[in-house]
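J.: Sending over a structure as structure tokens; questions will come in a sec.
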Amino acid sequence: MLFRSVTDNEDTPAENTSPVYRIERSSIKITEPVSREKLQRGDLAHYFKANTVTPLLAGPEDFITLIKNELTSNNKGVAILLPDWQQGATTPNSLNYLRKTLPDQGWTTIAIQPYEKPPTYPSVAVKATEQEEENKTSLEQYRQKLTTMMTSVMEKAKSYPGIFLVIAQGSHAALLTDLYLQEKVPLPNALVVLSSYMLTGPENESYAKTLAQTEMPVLDINLKRDHPLAITNAKLRLAYADKEMKSSYRQRILTNFGAGYYPEQSLLIEINSWLRS
């Protein structure tokens, strides 16, 4: 019974003749909260024009992209923007500025609304061996989803002229690098990584080695005021790149005021100067 009537003999004033209804706690149904990914997809569909929001298929699932065509007579190519976990296609700390600005410089931008972080990564198991095994399983399952997503995006990018530039942020940059080395995803002409790191030590070590072994040009941009793991592992990647003598690797540290927020003009200047070189 959802409502229960309280009469006068249940501690109600004698002059109050109307019944009072109380809700039984056992009858209240609590629904699960809507996922961040679903909320962000809904916001994009609501606030952006229909010709800007482009759904793409990744196997049996679909995902949202925001496509903005280049606005100059000199078409340079396609810039694919992949935010970090838990971020949106219009994340304000870095990629949204590039999404809006690069078309004025001859780039068609494809901003991706990414999948959510695996709920079981990083593992909270007690034993280190169990943690390593659970992390490996979670990341492998997510890599499969990321593979189909990026393959679909690259197929879409082929419908535009020019070169392919991928700008990836956070953990997605690390996961993509591994997929590129294994040739599971079509390679871009150049890769820009922003504040990239993984959440566990073994994955960061593996990422640094993998990045140093890739043949494609890489621009590794980090912030002076950034996530502690991003700062620490930027030094690790630079050390491995020097060890492997990767000549097509460049690392830059930008000075910022808000932690995690990229200075917009400095970010654009670094990318443009690197592409020209």
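J.: Could you figure out which of (1) of a type in the set (Gly, Ala, Ser); (2) more than 30 Å from residue 245 (Cβ to Cβ); (3) at pLDDT below 95 isn't true of residue 201?
T.: (2)
J.: Has the stretch 107-119 got at least one residue that is over 16 Å from the mean Cα position of the chain (by Cα) and open to solvent by 60 Å² or more (accessible area, probe 1.4 Å)? Explain how you work it out, then say what you get.
T.: At the first step, the residues of the stretch 107-119 found to be over 16 Å from the mean Cα position of the chain (by Cα) are 107-108.
Going one step further and asking which of them are open to solvent by 60 Å² or more (accessible area, probe 1.4 Å), we end up with none.
For the stretch 107-119, residues over 16 Å from the mean Cα position of the chain (by Cα) and open to solvent by 60 Å² or more (accessible area, probe 1.4 Å): absent.
J.: To continue, here is another question. If only one of 199, 179 is under 17 Å from the mean Cα position of the chain (by Cα) and either assigned to a helix (DSSP H, G or I) or over 28 Å from residue 253 (Cβ atoms) (or both), which one is it? Give the steps one after another, and end with the answer.
T.: On the way: 199 fails: either assigned to a helix (DSSP H, G or I) or over 28 Å from residue 253 (Cβ atoms) (or both).
Within the list 199, 179, the selection yields 179.
J.: What residue, among those in the stretch 175-189 that are touching a strand residue (DSSP E or B) at 6+ places or on another chain (Cβ under 9 Å), open to solvent by less than 10 Å² (accessible area, probe 1.4 Å) and of a type in the set (A, V, I, L, M, F, W, C), is farthest from residue 230 (Cα to Cα)?
T.: 176
J.: How many residues are surrounded by 17 or more Cβ atoms within 10 Å (Cβ to Cβ) and either at pLDDT below 95 or part of a loop (DSSP other than H, G, I, E, B) (or both) when one looks only at the stretch 235-250?
T.: Number of matching residues: 1.
J.: While we're looking at this one, here's another question. Of all residues being touching a strand residue (DSSP E or B) at 6+ places or on another chain (Cβ under 9 Å) and in contact (Cβ under 8 Å) with a residue 24 or more places away in the chain in the stretch 38-63, which is farthest from residue 90 (Cα to Cα)? Just the residue, please.
T.: Once the filter is applied, the top-ranked residue is 57.
J.: Looking at the stretch 132-176, which of the residues that are without any contact (Cβ under 8 Å) to a residue 12 or more places away in the chain and not in a helix (DSSP H, G or I) is nearest to the chain's Cα centre (by Cα)?
T.: 158
J.: Still on this structure: Residue under question is residue 211, and the condition is that it be part of a helix (DSSP H, G or I), touching a residue at least 40 places away in the same chain (Cβ under 8 Å), among the aliphatic types (A, V, I, L, M) and surrounded by 15 or more Cβ atoms within 10 Å (Cβ to Cβ); does it hold?
T.: Working: part of a helix (DSSP H, G or I): yes; touching a residue at least 40 places away in the same chain (Cβ under 8 Å): no; among the aliphatic types (A, V, I, L, M): yes; surrounded by 15 or more Cβ atoms within 10 Å (Cβ to Cβ): yes.
The answer is no for residue 211.
J.: Follow-up. Within the stretch 214-228, which residues are assigned to a loop (DSSP other than H, G, I, E, B) and either among the aliphatic types (A, V, I, L, M) or farther than 18 Å from residue 253 by Cα (or both)?
T.: Taking the stretch 214-228 first, the residues assigned to a loop (DSSP other than H, G, I, E, B) are 214-217, 224-227.
Answer for the stretch 214-228, where residues must be assigned to a loop (DSSP other than H, G, I, E, B) and either among the aliphatic types (A, V, I, L, M) or farther than 18 Å from residue 253 by Cα (or both): 214, 215, 216.
J.: Does the stretch 5-24 contain any residue that is modelled with pLDDT of 80 or more, part of a loop (DSSP other than H, G, I, E, B) and loosely packed, with under 12 Cβ neighbours inside 10 Å? Quick ask: steps written out before the conclusion?
T.: Filtering the stretch 5-24 down to residues modelled with pLDDT of 80 or more leaves none.
No, the stretch 5-24 contains no residue that is modelled with pLDDT of 80 or more, part of a loop (DSSP other than H, G, I, E, B) and loosely packed, with under 12 Cβ neighbours inside 10 Å.
J.: Residue check: is residue 50 open to solvent by 20 Å² or more (accessible area, probe 1.4 Å), assigned to a loop (DSSP other than H, G, I, E, B) and of a type in the set (A, V, I, L, M)? Walk me through how you get there before you give the answer.
T.: Details: open to solvent by 20 Å² or more (accessible area, probe 1.4 Å): yes; assigned to a loop (DSSP other than H, G, I, E, B): yes; of a type in the set (A, V, I, L, M): yes.
For residue 50, the condition - open to solvent by 20 Å² or more (accessible area, probe 1.4 Å), assigned to a loop (DSSP other than H, G, I, E, B) and of a type in the set (A, V, I, L, M) - is met.
J.: So which residues in the stretch 149-166 are open to solvent by 60 Å² or more (accessible area, probe 1.4 Å) and either more than 10 Å from residue 77 (Cα to Cα) or among the hydrophobic types (A, V, I, L, M, F, W, C) (or both), if there are any at all? Lay out the reasoning, then the answer.
T.: Initial filter on the stretch 149-166 (open to solvent by 60 Å² or more (accessible area, probe 1.4 Å)): 155-156, 158-159, 161, 163.
Scanning the stretch 149-166 gives 155, 156, 159, 163.
J.: Of the conditions (1) without any contact (Cβ under 8 Å) to a residue 40 or more places away in the chain; (2) within 19 Å of residue 191 (Cβ to Cβ); (3) of a type in the set (A, V, I, L, M, F, W, C), residue 112 clears all except one; give me its number.
T.: Unmet condition: (1).
The values are calculated or read from the model by the stated rules, or taken from the named source; none is laboratory data. Just so we're clear, the structure is a prediction, and the values are computed from it rather than from any experiment. Cβ sites come from the backbone with ideal geometry, for glycine too, and all protein chains shown count toward neighbours. Just so you know, the surface numbers come from the protein's heavy atoms only, side chains and all, with ligands and any DNA or RNA stripped out. Shrake-Rupley method; radii C 1.70, N 1.55, O 1.52, S 1.80 Å.
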